[in-house]
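Okay, so here's the structure we're looking at.
The values are calculated or read from the model by the stated rules, or taken from the named source; none is laboratory data. Predicted model, so just to flag it, every value in this text is computed and none were measured. Reconstructed Cβ throughout: ideal geometry from the backbone, glycine too, with neighbour counts over all protein chains shown. To get the accessible areas, we keep the full protein, side chains included, count just its heavy atoms, and leave off ligands, DNA and RNA. Shrake-Rupley method; radii C 1.70, N 1.55, O 1.52, S 1.80 Å.
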Amino acid sequence: MTFVMALCVTACVGVSIYLLLGRDLKGVAMGVFLLGHGANLSIMAMSGSPVLPAENATAAESLKAAPILGAHVPSPALANMVDPLPQALILTAIVIGFAVMGFLLTLLIITNRSTGTLVVDRLANEPVSTTRTDTRAEPFLPSGTPS
Amino acid sequence: MNPSLIVLLVIIPAAAGLICVPLINRLNTCRLVGVVGFALNLGLALSLLGACSQGDTSAIVTQLGGWSAPYGIALVFDALSGLMVAAASLVALACLIHASGSLPDPVERRYFHPLVNFMMAGVNLSFLTGDLFNLFVAFEIMLMASYGLLVLGRGKAQLAQAYKYVLLNLVASAIFVIAAGMVYGLLGTLNLADMARITTELAARDALPAGFTAVGVLLLFVFTLKAGVFPLWFWLPDTYPTCPIAITALFGGVLTKVGGYAVARIFPLVFLVGDAAAVLQQIILIGAVLTMAVGVFGALAYRTLRRSLAMFIIVGVGYALFGVAVGEPGAIGGSVFYMAQSMIVMAAAFLACGLIETHLTSDDLSDGGGLLKTHPWLGVLFLIGLLSIAGLPPTSGFYGKFAIIRDALGAGFTWTALIAIGVGALSILAVLRIWCESFWGPDPVVQPRDAEARAAALAREPSASGYAALVLLIAAALCIGILPQRVVGIANAAGQQVTDPGAYIAAVMGPDARPPAAESHHDTPAPAPAHGHDAAHDTGHDATHAPQTHTPAAPHPPAPEAQTDPTPDPHQDLPVAQPAPDPVPDVGPVPTPEPEPEPEPAPSAPRTGPEFRVQAHGQQMAAAPHDPAMERRP
């Protein structure tokens with residue numbers, strides 16, 4: 001199981017690095033999302049498989065138990081309980097990643113509208129003009145207005 | 001003082017942000033809510049700092065939800081985090097005041113106030129949290145709000161540059177998640193104090209798990225990217241200067257320091273032990289020196305005011321990291337002092353830059369000059385800010401650099417200290433160049449068609465709130481510079497705490513850390529063992545310390561101070577963080593365990609008396625629990 005998980009993590013991270021090295025920001029964004037999935041899977045791999053019953057558990061396997069239980073499993077029903085903490089971590093990371101994904105896609109859409117491109121080379125040619133950004137009485141454009 | 005008060009430092013900005021959302025079109029109400037919130041935060045942080053430095057507790061700890069230390073999330077307010085929270089609140093207060101005058105109203109209505117408040121909630125949480133994964137969550141709160149602030153107003157340059165900041169931070173977040181998972185896999189805990197306890201104990205036995213250094217490097221990547229350290233600095237001068245100036249000041253003052261704080265907090269505590277210390281310390285040291293050098297050359301090279309100032313942020317981060325790499329208490333105290341004052345001073349310089357831009361037509365240094373004739377007081381305030389950045393003696397930047405370089409020379413970092421001195425000299429050159437070209441120099445050559453616009457800009461009415469914010473920050477910087485005793489005392493206490501993880505561990509875990517037993521006695525007939533106390537463990541698996549963990553009344557085998565050992569505590573079934581007898585005779589008084597047992601983990605009583613602070617790194621945990629990481633090793 002660990003091997004399969006490792007393969008999945010490798011595939012996710014490998015593809016995401018390939019995408020991250022591209023010139024188009026849409027691809028880079030997909031790479032970032034995939035990297036997040038790879039990170040979640042790697043935590044999953046570390047959380048391990050369910051613990052064995054206490055009497056035949058080796059120490060390494062009992063590590064996978066929920067730390068709040070310890071090795072003295074209070075009831076047989078809990079003997080197969082996985083450590084819930086990594087799953088809580090993954091859940092948190094997924095929620096955060098989802099919010100960030102929404103933001104990043106919105107940012108890319110607005111950037112495309114404003115600058116007309118999502119290719120890194122062309123964006124780099126935009127001058128980093130800092131001329132009076134906040135003193136210029138520039139009318140605020142509501143969303144959708146072509147600039 | 002009630003320790004749960006420190007939760008307010010996070011709750012106040014979060015609540016203020018929530019209040020501002022429905023009131024977003026009533027700008028004055030929003031401004032009032034924000035200013036009151038940050039002022040409350042500042043006052044609370046200062047009064048808690050006073051309680052910390054005068055009382056006998058060096059750290060105020062609260063366990064969120066009543067879940068005791070290794071399981072729940074602890075918030076820790078000590079000299080280091082407290083100083084950072086206070087400085088950040090002051091900067092946020094000033095930036096909010098400045099923004100109310102300088103930000104166009106339509107932009108301010110686009111949720112500027114909620115975003116600033118949420119960002120400060122994230123910043124304060126990352127300063128206070130004692131849990132690695134909670135630090136990730138705090139970073140994300142801070143970053144999400146900062147992404148919003150970064151593109152506020154939707155200038156074309158802003159949008160064209162914002163992707164660098166957003167994408168780099170997203171990659172860093174993914175790596176942070178991976179690293180946090182690895183830490184949990186290696187050490188079986190994410191609580192910083194618990195991690196420190198385990199790694200200290202493992203390092204003392206030279207048994208750090210394989211891959212421990214690699215995890216340290218991953219975390220260092222994450223934090224130094226946020227801080228803008230050498231190989232990862234390039235996004236900073238591209239993105240920060242594109243924002244409206246009040247936001248630039250807030251970012252430049254606060255955000256990079258969060259990364260610096262995370263390095264200063266976590267690395268000496270957890271990762272700079274044993275074999276890992278040699279590798280990581282070298283990485284931090286080289287990174288710090290290159291950061292300083294790159295920063296100061298960038299500041300000399302850029303021709304625009306905002307970008308030059310952005311490079312000075314990088315110089316400051318380099319100095320702060322240099323102090324952490326040196327590792328002496330005095331040097332870390334110097335770094336803490338430097339980071340706190342650098343927040344204030346950098347924000348002040350950016351706010352002054354905003355006022356200069358209103359009077360000139362741009363922030364290009366070639367358009368500057370001659371401003372001293374028309375705006376002498378702005379010139380004086382700006383000069384004070386710049387001299388603090390360079391670190392000349394009467395100003396606040398001096399003491400931090402002095403302490404760092406003094407301890408670096410004392411600890412044998414001669415070459416790097418000389419480089420730091422050289423960077424200081426070049427910084428003076430750079431700030432004087434900036435000041436001369438904007439204020440002191442001759443009037444610029446103005447094209448006839450621009451002359452009218454320039455005259456109009458020079459005569460523009462100064463914004464009262466802009467000056468008020470600038471004066472507030474400069475006055476704070478001057479107070480720190482001229483009367484540094486209080487802040488130096490707090491910073492040195494922070495340096496002591498950082499170099500002595502025993503105090504932090506005792507404060508968070510409790511000196512008689514028995515939290516798991518106290519909880520599980522109620523619902524399980526057989527007392528569930530503490531985290532890591534496996535039955536498999538004392539069935540002969542690791543016989544060296546099994547007798548200690550499960551037969552508490554037996555004296556410790558080495559027992560050079562046997563008189564402290566038979567504790568009168570009847571409930572002493574799990575002496576997890578029982579302070580070990582100190583085998584080094586010259587470090588101070590012999591630690592005496594608390595005679596009376598606490599029935600519950602008592603988050604209100606960190607009890608970090610002097611006996612816990614003299615513990616040397618590595619002697620805290622003689623009665624060590626089973627370490628998961630040990631078992632993982634083949």
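For region B:113-130, does any single residue satisfy the condition of being farther than 17 Å from B:Ala92 by Cβ and within 12 Å of chain A (Cβ to nearest Cβ)? Looking through region B:113-130, none of the residues is farther than 17 Å from B:Ala92 by Cβ and within 12 Å of chain A (Cβ to nearest Cβ).
Total residues in region A:111-126 satisfying the condition of being without any contact (Cβ under 8 Å) to a residue 24 or more places away in the chain and either touching a strand residue (DSSP E or B) at 6+ places or on another chain (Cβ under 6 Å) or open to solvent by 30 Å² or more (accessible area, probe 1.4 Å) (or both): the figure is 6.
Within region B:157-167, at least one residue is more than 9 Å from every other protein chain (Cβ to nearest Cβ), in a helix (DSSP H, G or I) and of a type outside the set (D, E, K, R). Selection of region B:187-237 for residues being part of a loop (DSSP other than H, G, I, E, B), modelled with pLDDT of 90 or more and more than 14 Å from chain A (Cβ to nearest Cβ) yields B:Gly228, B:Val229, B:Trp233. If you go through region B:27-73 and keep only what is touching a helix residue (DSSP H, G or I) at 6+ places or on another chain (Cβ under 9 Å) and part of a loop (DSSP other than H, G, I, E, B), you end up with B:Asp56, B:Thr57, B:Ser58, B:Trp67, B:Ser68, B:Ala69, B:Pro70, B:Tyr71, B:Gly72, B:Ile73. Restricting attention to region B:439-457, does a residue exist that is in a helix (DSSP H, G or I), modelled with pLDDT under 90 and either touching a strand residue (DSSP E or B) at 6+ places or on another chain (Cβ under 8 Å) or under 19 Å from B:Met346 (Cα atoms) (or both)? Checking region B:439-457: at least one residue is in a helix (DSSP H, G or I), modelled with pLDDT under 90 and either touching a strand residue (DSSP E or B) at 6+ places or on another chain (Cβ under 8 Å) or under 19 Å from B:Met346 (Cα atoms) (or both).
Looking only at residues of region B:83-109 that are under 20 Å from B:Ala59 (Cα atoms) and of a type in the set (A, V, I, L, M), we find that the one that is nearest to the chain's Cα centre (by Cα) is B:Met84. Could you please give the count of residues in region B:302-318 that are within 14 Å of another protein chain (Cβ to nearest Cβ) and hydrophobic (A, V, I, L, M, F, W, C)? Result for region B:302-318: 4.
Criterion first (open to solvent by less than 10 Å² (accessible area, probe 1.4 Å) and in a helix (DSSP H, G or I)) does B:Leu255 satisfy it? Yes; evaluated as a whole, the condition is true for this residue.
Among the conditions (1) within 12 Å of another protein chain (Cβ to nearest Cβ); (2) over 19 Å from B:Leu40 (Cα atoms); (3) crowded, with 24+ Cβ neighbours inside 10 Å, the only one that B:Phe136 does not satisfy is (3).
Among the residues of region B:64-79, at least one is open to solvent by 10 Å² or more (accessible area, probe 1.4 Å), more than 23 Å from the chain's Cα centre (by Cα) and either of a type in the set (Gly, Ala, Ser) or at pLDDT 90 or above (or both). Scan region A:56-69 and give yes if some residue there is within 18 Å of the chain's Cα centre (by Cα) and at pLDDT below 90, otherwise no. No, because not a single residue in region A:56-69 is within 18 Å of the chain's Cα centre (by Cα) and at pLDDT below 90. When every residue of region B:352-372 is checked against the conditions, at least one turns out to be away from chain A (no Cβ under 14 Å) and not small (Gly, Ala, Ser). Of all residues in region B:179-196, those that are open to solvent by less than 10 Å² (accessible area, probe 1.4 Å) and within 23 Å of the chain's Cα centre (by Cα) total 11.
Note on region B:139-151: residues that are open to solvent by 10 Å² or more (accessible area, probe 1.4 Å) and closer than 20 Å to B:Pro104 by Cβ total 2.
The residue of region A:81-99 that is surrounded by the most Cβ atoms within 10 Å (Cβ to Cβ), among those that are in contact with a helix residue (DSSP H, G or I) (Cβ under 6 Å, 6 or more places away or on another chain) and within 7 Å of chain B (Cβ to nearest Cβ), is A:Ala93.
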